[in-house]
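A short reminder: the numbers here are calculations on the coordinates, not readings from a lab. Only a predicted model underlies this, so the values are computations on that prediction, with no experimental measurement involved. Because the Cβ atoms are built from the backbone with ideal geometry, glycine has one as well, and the counts that use them run over all protein chains shown.
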Amino acid sequence: MIFFDTDIFRLFAKDSKQINRAHWQFNWQEQIKFIDREVYKIVIRNNPKIIQGLISLSFQGDHIYMHLIESAKFNKGKTKIYTGIPGNLVAFACKLSFEKGYDGYLAFDAKTVLVKHYQETLFATHFRGTKMMIETPAANKLINQYFKK
């Protein structure tokens, strides 16, 4: 397996032209417009024009809430070009949570069919209904998995 160094950058309204609607299921231009949210893109280092994935986050005072996460269309399904995009973005969100003083806590709503998948791949805890969270030990595990020391 080949690994590529990645960079994660915040997207602002002026950057919305970088998002090719054909590559995305969700309306990311709308996410960028929310005042209480921050949208980040992940790119392969030295290739910042091709967005591999996106994540929308808000800061809740004691945790980060993940509103949306998505891999680019070409990184989905059996023919995907790169794997690990969502995990890398979630690890980044956990890292941000530590930086904000939230001890790595990240909350999100999962589609019912993905609850078990998120428990296995993101070490997330099923809270109730579709609510899930990543607690400090799981956040550390993800950060260590995706970020070099």
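What does DSSP give for the chain in terms of the percent of beta bridges that are antiparallel, rounded to the nearest 5? Let's see the in-between values first.
Values: 27 of 30 bridges.
The antiparallel proportion sits near 90 percent.
R0 = 35 Å: FRET efficiency of LYS111 with LYS148, Cβ-based, nearest 0.05? Write down the numbers at each step before the final one.
Values: r = 31 Å, r/R0 = 0.90.
Between LYS111 and LYS148 the formula returns 0.65.
Selection among ILE19, ILE69, THR6 by position relative to the dipole of segment 6-146 gives ILE19 as farthest towards the positive end (Cβ unit charges, Cα centre). Under the convention that each Lys and Arg Cβ holds +1 and each Asp and Glu Cβ holds -1, the size of the dipole of segment 59-115 around its Cα centre is about 460 debye. The phi torsions of segment 32-38, fed into the Karplus equation with coefficients 6.51, -1.76 and 1.60 and a -60° offset, translate into couplings of 5, 6, 5, 5, 8, 10, 10 Hz, rounded to whole numbers, with Gly and Pro shown as x. Dipole size of the chain about its Cα centre, with +1 on Lys/Arg Cβ and -1 on Asp/Glu Cβ: approximately 540 debye, rounded to the nearest 20. Past the 28 angstrom mark, what percentage of all C-alpha to C-alpha distances in the chain do you count? Cα-Cα pairs of the chain separated by over 28 Å account for 14 percent.
Taken one residue at a time, the phi angles of segment 6-21 give Karplus couplings (6.51, -1.76, 1.60, θ = phi - 60°) of 10, 10, 10, 10, 6, 9, 10, 3, 5, 8, 4, 5, 6, 8, 7, 3 Hz. Gly and Pro are set to x.
If packing is taken as the mean number of other Cβ atoms within 10 Å per residue, what is the order of 94-106, 43-55, highest first? Before the final figure, lay out the partial values.
Working: 94-106: 18.8, 43-55: 16.4.
Top to bottom by mean Cβ count within 10 Å: 94-106, 43-55.
With the charge dipole of the chain set up from +1 on Lys and Arg Cβ and -1 on Asp and Glu Cβ about the Cα centre, the Cα lying farthest toward the positive end among the listed residues GLY129, TRP28, LEU106 is that of TRP28. Shape of segment 1-87 from its Cα gyration tensor (a ≥ b ≥ c, root eigenvalues): rounded if a/c is under 1.5, otherwise prolate when a/b > b/c, or oblate? Prolate is the answer for segment 1-87, as a/c is 1.5 or above and a/b outweighs b/c.
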